[in-house]
């Protein structure tokens with residue numbers, strides 16, 4: 001394996017606590033050692049066993065530009081490997097932050113419009129890209145993690161496309177055990193989600209529940225209502241904790 005010396009260019013900075021070296025198609029992670037050398041400086045130790053394919057690292061960095069971001073983690077990369085092929089990760093890592101049409105992404109990918117449309121259809125079928133019409137023209141955007149591909153990968157019936165058991169294990173470790181993602185998600189303002197009042201628990205003479213806060217009002221005025229498998233319960237079901 002041909003390792004290059006880390007530099008300020010690319011994915012890492014050798015003068016911070018962690019940096020990255022790009023060997024071939026993988027990233028070798030370095031961390032600052034707790035031991036000091038003879039000059040009194042912290043030495044660097046390579047963390048072997050944490051080789052992350054470059055395209056998945058690039059995809060994580062692209063997704064981290066969402067609000068909220070998606071902090072890197074060993075378990076996150078395992079999730080991405082299940083959901084995206086290596087080539088899909090490469091293509092999605094260069095998608096625009098805003099929605100786009102087929103001619104635009106074709107220029108970015110260097111593919112024909114027919115090839116690009118076929119790739120986007122596969123990604124949309126997997127719940128990794130959103131497709132919607134605008135003025136009669138299909139447009140696309142990379143799905144965010146929350147209210148996006150995290151949920152969609154478990155909410156649909158098991159069609160054999162993904163390993164739901166492994167996904168559930170990695171989701172549990174990334175979302176329930178590690179705190180970086182949840183901490184970032186809950187720090188977003190205004191918040192992505194909101195709590196609705198259980199109307200039967202509120203007595204009329206104590207307080208008034210406004211229509212904006214009524215689940216019944218939201219459901220009653222909705223133009224479209226769909227029912228799907230609960231992501232959280234499906235995840236916990238695979239872990240025997242539902």
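The values are calculated or read from the model by the stated rules, or taken from the named source; none is laboratory data. Bear in mind that the values here come from a model prediction, so they are computed numbers and not experimental data. Here the Cβ positions follow ideal geometry from the backbone for every residue, glycine too, while neighbour counts run over all protein chains shown.
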Please find, within the range 202-242, the residue that is modelled with the lowest pLDDT out of those that are outside any helix (DSSP H, G or I) and in contact with a strand residue (DSSP E or B) (Cβ under 8 Å, 6 or more places away or on another chain). 209
If a residue must be assigned to a helix (DSSP H, G or I) and over 20 Å from residue 75 (Cβ atoms), how many such residues does the range 181-201 contain? 3
I'm told residue 165 meets every condition in (1) at pLDDT 95 or above; (2) more than 14 Å from the chain's Cα centre (by Cα); (3) not in a loop (DSSP other than H, G, I, E, B) except one. Can you identify the failing condition by its number? (1)
Give the residues of the range 107-149 that are touching a residue at least 24 places away in the same chain (Cβ under 8 Å), assigned to a helix (DSSP H, G or I) and either touching a helix residue (DSSP H, G or I) at 6+ places or on another chain (Cβ under 7 Å) or not assigned by TED's automatic domain parsing to the domain that holds residue 188 (or both), sorted by residue number. 119, 123, 145, 146, 149
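Considering each of 38, 88 in turn, give the residue that is at pLDDT 50 or above and more than 30 Å from residue 137 (Cα to Cα). Give the steps one after another, and end with the answer.
Values: 88 fails: more than 30 Å from residue 137 (Cα to Cα).
Going through 38, 88 in turn, the sole match is 38.
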Filter the range 58-72 for residues that are outside any loop (DSSP other than H, G, I, E, B), buried (at least 21 other Cβ atoms within 10 Å of the Cβ) and either touching a strand residue (DSSP E or B) at 6+ places or on another chain (Cβ under 7 Å) or touching a residue at least 60 places away in the same chain (Cβ under 8 Å) (or both) and give the result. 63
